[in-house]
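S.K.: This is the structure I want to talk about, given as structure tokens.
Any read-out appearing in this document is the output of simple, stated calculations on the displayed coordinates, not a laboratory observation. Note that this is a predicted model, so its numbers are computed, not measured. Here Cβ is always computed from backbone atoms with ideal geometry, including for glycine, and neighbour counts include all displayed protein chains.
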Amino acid sequence: MAHIFSIPQNIVTGTDAVRMSMDLMRGYGKKVLIVTDKHMVSIGNVKLLTDELDKISIKYEIYPGINAEPTDIMIDEGVKTYTNSQCEFLIGIGGGSPIDAMKAIGAVVTNGGSIRDYQGKKIEHRLPPTVAIPTTAGTGSEATKVSIITNTKTGVKMLLSSARLMANLAVIDPVFTLTLPPAVTVSTGVDALTHAIEAYTSLKAFQMTDLYATSAIRKIFDNLYEVYKHGDNIQARREMAIAALEAGIAFSNASVTIVHGMSRPIGALFHVPHGDSNAMLLNVCLKFVQQGAQERLCDLAKAIGVYRPGMRITEGADAFVTATIALLRTLDVKTIQDFDVDQKVYFSQIQKMTQDALDSGSPANTRRTPSAGDIETLYKDLWVEGLYRAVI
Ligand SMILES: NC(=O)c1ccc[n+]([C@@H]2O[C@H](COP(=O)([O-])OP(=O)(O)OC[C@H]3O[C@@H](n4cnc5c(N)ncnc54)[C@H](O)[C@@H]3O)[C@@H](O)[C@H]2O)c1
Ligand SMILES: [Fe+2]
């Protein structure tokens with residue numbers, strides 16, 4: 001069986017990456033729309049970028065309207081700004097939210113219509129040139145063919161996937177991540193860990209994605225706790241930035257599985273940030289995944305050094321699951337109750353969440369195919385796990 005492996009045309013990494021990428025941007029056009037959030041403007045990240053654009057006389061319009069995980073309404077507004085300002089290319093700077101929004105704006109600019117109608121639709125026309133500059137080490141959106149946009153009419157977090165959504169240029173400077181607060185460091189870092197574990201255990205995994213997934217997992221086990229506790233450790237931040245990139249490349253080509261499938265409905269209905277809903281679900285879903293992925297999880301135990309000679313495959317898999325749950329504990333990941341979700345409302349939404357999770361297609365990539373009943377049980381387990389964590 002053959003596989004297609006896609007990554008951005010150019011990836012610039014390391015300190016000073018923004019300055020170094022200007023030569024490439026020069027060829028993209030004379031005016032750019034910078035898609036971002038207000039926080040990126042206030043902490044000076046956007047200025048670092050515009051200072052470099054000024055030096056090579058590229059004009060810009062700033063759209064700082066992505067003030068939460070992106071919605072169809074934010075995309076409509078961004079498309080208007082792009083068109084009215086006569087821009088020729090796009091830069092997304094910030095976490096996954098501005099980068100996903102930038103891709104979605106680009107798709108609508110050349111393909112028309114409303115982003116609400118894009119789920120499952122083929123994106124026919126090439127986007128204007130797109131540049132992704134991540135400031136979190138998590139989503140990997142800078143190197144994925146994915147954009148996740150909430151449809152406010154249906155309450156569904158749409159997973160848009162198309163080769164057209166791969167950025168032309170990814171610019172990764174770990175210095176941006178130094179200002180990440182500990183809680184965002186954890187939730188985004190666990191998002192990257194989830195991408196890598198899901199890519200490695202996906203039915204669609206192949207040699208190229210295995211390479212990136214294992215490398216990312218190793219780096220995350222070695223550095224995530226360190227950046228949580230010592231956010232100013234630039235070497236550990238550098239490792240995490242590359243790990244997030246690698247994990248993004250892995251899952252963009254091998255797909256995610258049950259955790260992401262179940263995570264998006266929680267985000268759409270209860271406004272739990274993406275990394276936090278993944279982190280709480282990873283805890284609950286790994287045991288389910290394990291039964292269909294013993295060998296793969298045993299490989300990961302070897303990759304992070306918790307496999308001991310003589311262990312059976314199932315024992316190796318156990319060792320990896322135990323190490324992951326232990327890591328999540330040390331990172332103080334949040335529970336569903338931490339987001340003030342009402343118990344009655346949560347349970348009343350389980351059927352919708354299950355259907356939306358299955359409709360996204362992600363759970364079907366799991367090596368143990370989950371039924372609707374399995375997913376409902378896991379959503380219930382998530383609630384119970386949160387209560388249990390509160391008393392220990
Ligand atoms: N396209 C993909 O492949 C992909 C993959 C996974 C997740 N996602 C999506 O990405 C979105 C989440 O992205 P995210 O987790 O990066 O969070 P985010 O972009 O929503 O940012 C979270 C918060 O962190 C702040 N922040 C970002 N960088 C900072 C920095 N350097 N210093 C201080 N604060 C900073 C932001 O202002 C924001 O308040 C979700 O919508 C999720 O569904 C996309
Ligand atoms: Fe994710």
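S.K.: Among Ala68, Ala163, Ala244, whose mean-square fluctuation peaks in a Gaussian network model of the chain (Cα, cutoff 10 Å)?
M.R.: Ala68
S.K.: Can you give the FRET efficiency for Ala364 and Thr154, using 1/(1 + (r/R0)^6), R0 = 30 Å, r = Cβ-Cβ distance, to the nearest 0.05?
M.R.: 0.90
S.K.: Please build a GNM for the chain, connecting alpha carbons under 10 Å apart, and tell me which residue among Ile62, Ile99, Ile133 fluctuates the most.
M.R.: Taking springs between Cα atoms under 10 Å, the residue moving most is Ile62.
S.K.: Out of all DSSP beta bridges in the chain, what portion is antiparallel? Express it as a percent rounded to 5.
M.R.: Here the share of antiparallel DSSP bridges comes out near 30 percent.
S.K.: Right, next: For segment 130-280, compute the orientation-averaged projected area of the C-alpha convex hull (one quarter of its surface), in nm².
M.R.: Across all orientations, segment 130-280 yields a mean hull projection of 8.5 nm².
S.K.: For the chain, what is the mean residue ellipticity at 222 nm derived from helices alone (per DSSP H run of n ≥ 4: -39500 (n - 2.57); sum divided by total residues; nearest 500 deg cm²/dmol)?
M.R.: The helix-only estimate for the chain comes to -17500 deg cm²/dmol at 222 nm.
S.K.: P(r) for segment 10-81: what percent of alpha-carbon pairs falls in each 10 Å bin, starting at zero?
M.R.: Histogramming segment 10-81 at 10 Å steps yields 17, 45, 34, 4 percent.
S.K.: Which log10 I(q)/I(0) values does segment 10-177 give at q = 0.13, 0.19, 0.20 Å⁻¹ under the Debye formula, counting every alpha carbon as one identical point scatterer?
M.R.: Per q value, in the given order, log10 I(q)/I(0) is -0.53, -1.20, -1.34.
S.K.: Pop out the ³J(HN,Hα) list for segment 53-63 in order, Karplus 6.51 cos²θ - 1.76 cosθ + 1.60 with θ = phi - 60°, rounded to Hz; leave Gly and Pro as x.
M.R.: Residue by residue, segment 53-63 yields 5, 4, 4, 10, 6, 8, 7, 8, 10, 9, 10 Hz.
S.K.: Further, regarding this structure: So how much slack lies between Gln9 and Lys31, counting 0.36 nm per residue of separation and subtracting their Cα-Cα distance, in nm?
M.R.: Gain in length upon complete extension: 5.9 nm.
S.K.: Between helix 350-359 and the chain, what is the angle of the helix's C-alpha long axis to the longest principal axis, kept within 0 to 90° and rounded to the nearest 10?
M.R.: For helix 350-359, the angle is close to 60 degrees.
S.K.: A follow-up question, please. What percent of all Cα-Cα pairs in the chain falls into each 10 Å bin, going from 0 up to the bin containing the maximum distance?
M.R.: Over the chain, the share of Cα pairs per 10 Å bin runs 5, 25, 34, 25, 9, 2, 0 percent.
S.K.: Just to check I understand the Karplus step: with θ = phi - 60° and J = 6.51 cos²θ - 1.76 cosθ + 1.60, what whole-Hz values come out for segment 365-376, glycine and proline as x?
M.R.: Karplus values, whole Hz, x for Gly and Pro: 7, 6, 5, 10, 5, x, 8, 4, x, 4, 5, 4.
S.K.: Please list 3J(HN,Hα) in residue order for segment 146-161, calculated via the Karplus relation 6.51 cos²θ - 1.76 cosθ + 1.60 where θ = phi - 60°; whole Hz, with x for glycine and proline.
M.R.: Coupling constants for segment 146-161: 10, 9, 10, 10, 7, 8, 6, 6, 9, x, 10, 7, 7, 9, 9, 9 Hz.
S.K.: 7 Å from Cα along Cα→Cβ at both Asp332 and His271: what's the point-to-point distance in nm?
M.R.: Taking the two extended label points, one gets 2.3 nm.
S.K.: For Lys59, give me every one of the lysines with a C-alpha distance below 28 angstrom, ignoring sequence neighbours fewer than eight places off in its own chain.
M.R.: In chain and number order, the partners are Lys30, Lys31, Lys38, Lys47, Lys80, Lys103, Lys145.
S.K.: Can you give the translational diffusion coefficient of segment 181-391 in µm²/s, computed by Stokes-Einstein from the Kirkwood radius over Cα pairs at 37 °C and 0.692 mPa s?
M.R.: Rounded to a whole number, D works out at 193 µm²/s.
S.K.: I'd like the orientation of helix 234-254 relative to the chain: the angle between its Cα long axis and the longest Cα principal axis, in ° from 0 to 90, rounded to 10.
M.R.: That helix lies at roughly 80 degrees to the long axis.
S.K.: So what's the Cα pair-distance distribution over segment 239-347, bin width 5 Å, in %?
M.R.: Result, from short to long distances: 2, 11, 16, 21, 22, 14, 8, 4, 1, 0 percent.
S.K.: Still on this structure, please answer the following. Which FRET efficiency value, to the nearest 0.05, is calculated for Tyr225 and Met311 with the Förster distance at 25 angstrom and r the Cβ-Cβ distance?
M.R.: 0.55
S.K.: Work out how far the C-alpha atoms of segment 62-105 reach from end to end along every principal axis, then list the three figures in whole Å, largest first.
M.R.: Principal extents (largest minus smallest coordinate, Cα): 25, 19, 15 Å.
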